[in-house]
C-alpha cells in the first residue's frame, strides 16, 4: 500500500528520487509538503488483487449496507472540511475558497447523491417486447469488478473521489493512480474511507508516473476512467482496447462563451471571468474563448478588465486571495508559449500577462485579458489551461455558432442572453457535452448531470445515472410467460414461409386496410 511520508531532503516536483519516492512541493510557496513511495509493478498487481478479493464480498452487500458506509464518509469529510481544504490548497495551489467550493463540498454532495440514488438508478429495467408480448425481458446491472481510475492534478480530490463513490455504490472496488504532482490527497482519502467502514483493500491507491498508470491498465482491472490530456488519453484508449476493457476518457477542452447583444453584461462579465480564472484557469471546462457581439464588445471588455484587475493573487492559503498558484511548471511553460505566440501575432494584452516564478519554487500567472486574437493563434486554438481570456467579436448568430464550433474540442460551451428560447436554440447547435445558459463551470459539481465531451474531449460519461450505468455490465434476461408455437423452427416448409410473411405483413403493414389485406388476402 502506497504511503505518504514526510522527509527532510528536497527534490524536484514530480520526479522519482533514488530512494523511490515522489516529492510534493507547495505551488504557492515552494516548501516541501511530503513524499510518497512509488509503486512497483508487483505493488500494482498486488493492490488490484486485494481490491478484487474485497470486491467479491462488497458486491454481495445490499445497497443499504453500501449506502451506510458512504454516508459515514460524507459525515467525516464535512467534519474535517477545514483539514482537507488546508491540504488541498497546499498540495494543489488553489485558494482556500476554491478548495472548499470546488473540491470538498462537491465531493460531499456527490457521495450523498450516489448513496441515496444509486439503488433506483441501477434497478432492473423492464423491456416490453412489441412482437413477443408472451415473453418477459429486463436488463440487470452488474458491477464490473475493479475500476482503475487515473486522475489529474488540477482537481486531485473531487474528480477521482466522485468517480470512486459512484463505482463503489455500483458494487465495484477501485484502484486510483493519482497524478505524480498531487499524490498525497488520495492517501488521506483512502484512510477516511476505511475509517468510515469501507473494507480494507476495496479502495486502493498506487503511486507514480505514467508507467504506473500503464501498469494499472495491464494489471487485470475491468475498466479504466482517465482524466487528462488528449495525447495521453489516446494512449490510454489503445492500451485499454488491447486488454479488452471498458474505458471512459475526459480529455479537456477549449470551451467557448457566446455573449449576445441582449445579455446582462455585468452578470456575464462576472461569471465569464470566474469561469476563466478560477483555479488559475486550470479547469477542463474553463472559458478559454469568448465571442461577443460587436455592438456590446466595448462595454463587456471594459467590465472584464476591471474585474480582472481587482482580483487578489498571492500565496493561496489565505481567505482573501482570489487567484492562487499554478500547480506545475509544465503548465506555466505552456501558458508562456501561448502568450508569446499571441504577442508576436499582434494580440493586445489589456491586463495581466506577467508570470512570477520565485527562487523557492512558487509559480503565479496573472489573470490576463487579450483582444485582437485570431483563430491561428495557439491561445485560441490549443488548450491553454491557465488564467488567459481572449475576447473576439462576431456579427451574426450563425457566425457565433460557427466560431464556437471551430475547435477539435467539445467539452462545455456557454451562452449569455436574457432570451431563454434563443439560448436553447443556440445551445442545441453547439457541439459540446454540456451547454450552460448564463453561467459557467458549476455543472461538474451537479452529480445528477452526466459529464463528458464530444470530438477530442473524450469518450463516455461519468456522473449521474449514465455514469452509474457505465460502471456496470448490462445483461439482458428473457423469460417465457406462455409457450407459443412459432413458425421459424425446424422443419422448414413453404407453409411456414407463408405464415411468417402473412403475420409480419399484418403486424407491420401500412394502415388498417393494408393489414386486413395482408391477413385475409392471397400471399
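Among the residues making up the stretch 229-270, a single one is on the phi > 0 side of the Ramachandran plot and in contact (Cβ under 8 Å) with a residue 60 or more places away in the chain: 252.
Of these, 408, 384, 393, 374, which one is within 16 Å of residue 263 (Cβ to Cβ) and touching a helix residue (DSSP H, G or I) at 6+ places or on another chain (Cβ under 9 Å)?
Values: 408 fails: within 16 Å of residue 263 (Cβ to Cβ); 384 fails: within 16 Å of residue 263 (Cβ to Cβ); 374 fails: within 16 Å of residue 263 (Cβ to Cβ).
Criteria check complete, one pass: 393.
Mind checking whether some residue in the stretch 427-443 is exposed (fewer than 14 other Cβ atoms within 10 Å of the Cβ) and farther than 25 Å from residue 125 by Cβ? There is at least one residue in the stretch 427-443 that is exposed (fewer than 14 other Cβ atoms within 10 Å of the Cβ) and farther than 25 Å from residue 125 by Cβ.
Is there a residue in the stretch 165-172 that is under 19 Å from the mean Cα position of the chain (by Cα), within 26 Å of residue 21 (Cα to Cα) and surrounded by 24 or more Cβ atoms within 10 Å (Cβ to Cβ)? No; the residues of the stretch 165-172 include none that is under 19 Å from the mean Cα position of the chain (by Cα), within 26 Å of residue 21 (Cα to Cα) and surrounded by 24 or more Cβ atoms within 10 Å (Cβ to Cβ).
Each row is one residue, and each column tells you yes or no for (1) in a loop (DSSP other than H, G, I, E, B); (2) in the same structural domain as residue 279 (by TED's automatic domain parsing); (3) modelled with pLDDT of 95 or more; (4) touching a strand residue (DSSP E or B) at 6+ places or on another chain (Cβ under 9 Å).
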residue: 319; (1), (2), (3), (4): yes, yes, no, no
residue: 326; (1), (2), (3), (4): yes, yes, yes, yes
residue: 332; (1), (2), (3), (4): no, yes, yes, yes
residue: 335; (1), (2), (3), (4): no, yes, yes, yes
residue: 339; (1), (2), (3), (4): no, yes, yes, yes
residue: 342; (1), (2), (3), (4): no, yes, yes, yes
residue: 350; (1), (2), (3), (4): no, yes, yes, yes
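Reported count of residues in the stretch 358-371, each being within 18 Å of residue 287 (Cβ to Cβ) and surrounded by fewer than 23 Cβ atoms within 10 Å (Cβ to Cβ), is 2.
Taking the stretch 208-292 and the helices (runs of 4 or more DSSP H) fully enclosed by it, the elements with 2 or more residues that are more than 25 Å from residue 328 (Cβ to Cβ), outside the structural domain of residue 89 (by TED's automatic domain parsing) and touching a helix residue (DSSP H, G or I) at 6+ places or on another chain (Cβ under 6 Å) are at 265-277.
Residue-wise test of (1) buried (at least 21 other Cβ atoms within 10 Å of the Cβ); (2) closer than 22 Å to residue 49 by Cβ; (3) at pLDDT 95 or above.
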| site | (1), (2), (3) |
| --- | --- |
| 207 | yes, yes, yes |
| 224 | yes, yes, yes |
| 228 | yes, no, yes |
| 233 | yes, no, yes |
| 243 | no, yes, yes |
| 248 | yes, no, yes |
| 252 | yes, no, no |
| 269 | yes, no, yes |
| 287 | yes, no, yes |
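Listed here are the residues, each with its yes/no results for (1) modelled with pLDDT of 95 or more; (2) in a helix (DSSP H, G or I); (3) not assigned by TED's automatic domain parsing to the domain that holds residue 326.
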position: 361; (1), (2), (3): no, no, no
position: 370; (1), (2), (3): yes, no, no
position: 375; (1), (2), (3): yes, no, no
position: 384; (1), (2), (3): yes, no, no
position: 423; (1), (2), (3): yes, yes, no
position: 435; (1), (2), (3): yes, no, no
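The number of residues in the stretch 467-497 that are farther than 19 Å from residue 132 by Cα and either at pLDDT below 90 or assigned to a helix (DSSP H, G or I) (or both) comes to 6. In the set 505, 418, only one residue is surrounded by fewer than 19 Cβ atoms within 10 Å (Cβ to Cβ) and assigned by TED's automatic domain parsing to the domain that holds residue 290; that residue is 418. What pairs come up if the first residue lies in the stretch 399-424 and is closer than 18 Å to residue 457 by Cβ, the second is modelled with pLDDT under 95, and their beta carbons are under 8 Å apart, counting only those six or more places apart or on different chains? Within 8 Å, the pairs are 409/252; 411/252.
I'd like to check which strands (runs of 3 or more DSSP E) are fully inside the stretch 114-181 and have at least 3 residues that are out of contact with any helix residue (DSSP H, G or I) (no Cβ under 8 Å at 6 or more places or on another chain) and farther than 14 Å from residue 467 by Cα.
Working: elements: 135-143, 146-150, 173-177.
Of the strands (runs of 3 or more DSSP E) lying wholly inside the stretch 114-181, those with at least 3 residues that are out of contact with any helix residue (DSSP H, G or I) (no Cβ under 8 Å at 6 or more places or on another chain) and farther than 14 Å from residue 467 by Cα span 135-143.
Among the residues of this structure, residue 105 does not count as one that is under 24 Å from residue 448 (Cβ atoms), without any contact (Cβ under 8 Å) to a residue 24 or more places away in the chain and touching a helix residue (DSSP H, G or I) at 6+ places or on another chain (Cβ under 8 Å).
Could we say that residue 190 is touching a residue at least 12 places away in the same chain (Cβ under 8 Å), surrounded by fewer than 17 Cβ atoms within 10 Å (Cβ to Cβ) and either within 28 Å of residue 77 (Cβ to Cβ) or in contact with a helix residue (DSSP H, G or I) (Cβ under 7 Å, 6 or more places away or on another chain) (or both) here?
Details: touching a residue at least 12 places away in the same chain (Cβ under 8 Å): yes; surrounded by fewer than 17 Cβ atoms within 10 Å (Cβ to Cβ): no; either within 28 Å of residue 77 (Cβ to Cβ) or in contact with a helix residue (DSSP H, G or I) (Cβ under 7 Å, 6 or more places away or on another chain) (or both): yes.
Considered against the rule, which asks whether it is touching a residue at least 12 places away in the same chain (Cβ under 8 Å), surrounded by fewer than 17 Cβ atoms within 10 Å (Cβ to Cβ) and either within 28 Å of residue 77 (Cβ to Cβ) or in contact with a helix residue (DSSP H, G or I) (Cβ under 7 Å, 6 or more places away or on another chain) (or both), residue 190 comes out as no.
Determine whether the stretch 58-78 contains at least one residue that is in the same structural domain as residue 177 (by TED's automatic domain parsing), within 23 Å of residue 117 (Cβ to Cβ) and touching a strand residue (DSSP E or B) at 6+ places or on another chain (Cβ under 8 Å). Within the stretch 58-78 (the criterion being in the same structural domain as residue 177 (by TED's automatic domain parsing), within 23 Å of residue 117 (Cβ to Cβ) and touching a strand residue (DSSP E or B) at 6+ places or on another chain (Cβ under 8 Å)), the answer is yes, since at least one residue qualifies. Does residue 96 fit the bill of being more than 25 Å from residue 450 (Cα to Cα), at pLDDT 95 or above, buried (at least 18 other Cβ atoms within 10 Å of the Cβ) and in contact with a strand residue (DSSP E or B) (Cβ under 9 Å, 6 or more places away or on another chain)? Criteria not met by residue 96.
The values are calculated or read from the model by the stated rules, or taken from the named source; none is laboratory data. Just so we're clear, the structure is a prediction, and the values are computed from it rather than from any experiment. Backbone-built Cβ (ideal geometry, glycine too); neighbour counts: all protein chains shown.
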